[in-house]
1. Tell me, yes or no, whether region 9-16 has at least one residue that is surrounded by fewer than 12 Cβ atoms within 10 Å (Cβ to Cβ) and either in a helix (DSSP H, G or I) or touching a strand residue (DSSP E or B) at 6+ places or on another chain (Cβ under 9 Å) (or both).
2. Within region 51-86, can you find the residues that are modelled with pLDDT of 95 or more and in a loop (DSSP other than H, G, I, E, B)?
């Protein structure tokens, strides 16, 4: 049983925090693009990303945001709304 699931069973407290760590891969990006139909070249073309002053291809924002659903799934929690503010790009291969 995961720590998150155990904490959910024992009871959540205000201020509890959770961490999800995953290295985002080429396959993750391709699968997400196939589902979302978001084939923006900023995700798939190194030269295009460079022209946009990025250090490489960036992951889809909603792919990154979807990592939170892992926590929700372990808690048995269903979100009715989410809000995100990205502070910097998440690049292919980032963890």
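The values are calculated or read from the model by the stated rules, or taken from the named source; none is laboratory data. Just so it is clear, the structure is predicted and the values come from calculations on it, not from any experiment. Here Cβ is always computed from backbone atoms with ideal geometry, including for glycine, and neighbour counts include all displayed protein chains.
1. Yes, region 9-16 contains at least one residue that is surrounded by fewer than 12 Cβ atoms within 10 Å (Cβ to Cβ) and either in a helix (DSSP H, G or I) or touching a strand residue (DSSP E or B) at 6+ places or on another chain (Cβ under 9 Å) (or both).
2. Correct list: 52, 53, 54, 55, 56, 57, 59, 60.
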